[in-house]
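Following: one structure in structure tokens, then a few remarks.
The values are calculated or read from the model by the stated rules, or taken from the named source; none is laboratory data. Keep in mind the model is a prediction, meaning the values are calculated, not measured. FYI the Cβ positions are ideal-geometry reconstructions off the backbone, even for glycines, and counts take in every protein chain you see. Accessible surface is based on the protein model in full, side chains and every heavy atom, while ligands, DNA and RNA are left aside. Shrake-Rupley method; radii C 1.70, N 1.55, O 1.52, S 1.80 Å.
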Amino acid sequence: VHGGSRTFLSLMLLVYLVLCTSFPTPSLESMTQLTQYLPWPLSSAYTSAASMTQCYGCRSLIDMLARMLQTGNLVEEMFHDGWQELCVKTAPTYGVCSEDSCVKLCAGMYNTYLPVFTEAIRENPNEVSTIASNACRVYLSCDASSITDSTSDETATQLLSQLDMAFLTREPVNASATHNSSYMFLQLTDIHMDDRYAIGSEVNCELPLCCHVDSVWNNETVSVRAGEFGNLMCDPPKQLVTHALGSVPRDHLQFVIWTGDNTPHDQCWSADRQRALNSSLELTRMIAEAFPDIPVFPCIGNHEVVPVDMFHVNTKLDAWFYGPIAQAWSRWLPEPAVATLREYGYYTALAQPGLRIISLNTNFWIAADWFKIARHEDINHQIAWLAATLAKAEKALESVIIIGHMPVGDSDQDDDLTGVYRMLMTRYRSIIRGQFFGHKHHDMFKVVMDAKDQKEAVATMYVAPAFTPFRHRNPSYRLYEADRLSHELINYHQYRLAPGALDPNATLRWEKAYSAVEEYSLASLSSSEWLMLAARMKHDSKLFERYAINFNAGGNQDDLHLPAVEEVSCFVISPSSSVFEACMLKANSTFSEDTKVWSF
């Protein structure tokens, strides 16, 4: 019995390690094959559990574990040996780390996440069955074959039909529309600034994140040295962030949106609350110093708290973060916004007369958050607050910009509230000028279809590429151009570090990589035009090739995942993860293992 419980938690932590460090997620089948590394009875217990229909064994193990916790017969230490045994021997199989370096990595993951799991079980004694089902689905892909229910299947069929219809009924592009004078606003996202970055340290180390003083193991010599301003395998040092902030064009710049993820990726296994908080506070200081007279509107990313992704429903338990960050951001925000930020992590404020910012705390919807894995209500009333805020904005004749870290409907999120969110986007389409997110590290977009009949594009989600160069992408930031009177988007201009700028002896140079209207031959930035772009890419390989290069922020295509056109089409039109999976099946495509790399 103890062996079975230990096995499940070991596998759960290993999968979370892979997710957190952006490696492809192991399938249930591949995890089963790895039982050759496990001592009996771990191997026997897992093989038996994995073979049961719809992961019955996985759910049984959590049920058993919960009973042991509730009766006081379980102590966390009983899992340690099994976790270390599995993690150290299997993590190298996925290229996460070497066997030597995995000792440190696995111990860090154990110490960081196991207490969260046990706390969640103890806090939800009457929700064990729900926790078990959700956990086995989220972490081990259980019930993957049945997750695409009839509703998701029907929605996917309808959306794919609308995509084809958009292409068949397209009209010639006419980009000659006139506008009033315009202004700019800047988006910064996924900076992941690394305070431990060390010039001259090892780039090709045996951990997921390198460029640290301790990145060399067993007194080995450094093979590739980290440069002064960074490396494409590492999170950025402070000096690269400073240089980028100084390079941003200031002409007509009215405000900045900053869409989260400030801490380096090693927080996944070397969790430190003070270090995590300091990352956000230091970036706040740097951004305020770079833009002293320009308002900044931030939001909270999934990497901001410790452990990563684990946000309490009772936000007072995360007051160590919300309190100081609300105080730091009060330099930009009015007191009512600071109050809701401190209490719930979301807020609203005017960017300028007639233009309202709504900053969401999308972390309340993370599917893999153990504190919320059994919860399906409107956590901390965020959806109700959003609806009320939109209603007030409409009455006040305001335009609205929505910002958040994770795109709503993303594969990392619970599907339960996406339908309500889509209804709000449909209802208030006349005042919403755009939705702006990060998290994916890729250059992407999503289109929200009419909640009633799926026949019309009503809103666009802009997903900007990351600033961090981690995993071979060029550091990026984006400038949006908007009409000064209507606040409708006119264009956006994608900037990134010039290819090769981080090579030894190279000169740092930021360049405008492309402008959306010209790059994709768009008549406007309307939602219908973005839907049309997705339809056109299915039939135009050269157009899709340009999109794929931008998708990876101009990085070396040999080092990166190239999406299939089906993946892009389904991501663009799918309102939830279950519809995305149904869409992929309908598109006669198969999931690339790298699809999961879209989660950070």
**Fill in**
Log entry, pairs with first residue in segment 416-430 being under 12 Å from residue 449 (Cβ atoms) and surrounded by 15 or more Cβ atoms within 10 Å (Cβ to Cβ), second being of a type in the set (Lys, Arg) and modelled with pLDDT under 95, beta carbons closer than 7 Å, six or more apart or on different chains, reads 426/452
**Asked** So, of the residues in segment 281-334 that are within 20 Å of residue 380 (Cβ to Cβ) and hydroxyl-bearing (Ser, Thr, Tyr), which turns out to be modelled with the lowest pLDDT?
**Response** 315
**Complete:** Among residues of segment 193-234 being in contact with a helix residue (DSSP H, G or I) (Cβ under 6 Å, 6 or more places away or on another chain) and not hydrophobic (A, V, I, L, M, F, W, C), the residue farthest from residue 105 (Cα to Cα) is 230
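Table: residues versus (1) in contact with a strand residue (DSSP E or B) (Cβ under 7 Å, 6 or more places away or on another chain); (2) buried (at least 16 other Cβ atoms within 10 Å of the Cβ); (3) part of a strand (DSSP E or B).
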{"residue": "197", "(1), (2), (3)": "no, yes, no"}
{"residue": "222", "(1), (2), (3)": "yes, no, no"}
{"residue": "233", "(1), (2), (3)": "no, yes, no"}
{"residue": "239", "(1), (2), (3)": "no, no, no"}
{"residue": "244", "(1), (2), (3)": "yes, yes, no"}
{"residue": "271", "(1), (2), (3)": "no, yes, no"}
**Request:** For segment 253-262, state whether one or more residues are under 24 Å from residue 471 (Cα atoms) and assigned to a helix (DSSP H, G or I).
**Result:** no
**Message:** For the condition more than 25 Å from the chain's Cα centre (by Cα), of a type in the set (Asp, Glu) and surrounded by fewer than 21 Cβ atoms within 10 Å (Cβ to Cβ), what is the one hit in 202, 228?
**Reply:** 228
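Okay, residues lined up against (1) at pLDDT 95 or above; (2) open to solvent by 10 Å² or more (accessible area, probe 1.4 Å); (3) acidic (Asp, Glu):
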residue	(1), (2), (3)
443	yes, no, yes
475	yes, no, no
490	yes, yes, no
512	yes, yes, no
518	yes, yes, yes
522	yes, no, no
533	yes, no, no
**Request:** Scan segment 229-257 residue by residue and report those that are touching a Cys at 6+ places or on another chain (Cβ under 9 Å) and at pLDDT 95 or above.
**Result:** 230, 231, 234, 235, 237, 257
**Prompt:** In segment 422-481, what count of residues is obtained for those that are part of a strand (DSSP E or B) and aromatic (Phe, Trp, Tyr)?
**Reply:** 6
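Residue-wise test of (1) aliphatic (A, V, I, L, M); (2) under 27 Å from residue 420 (Cα atoms); (3) over 20 Å from the mean Cα position of the chain (by Cα).
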site	(1), (2), (3)
288	yes, no, yes
298	no, yes, no
321	no, no, no
382	no, yes, no
385	no, yes, yes
**Prompt:** Do you know which residues across segment 300-316 are among the polar types (S, T, N, Q) and open to solvent by 10 Å² or more (accessible area, probe 1.4 Å)?
**Reply:** 314, 315
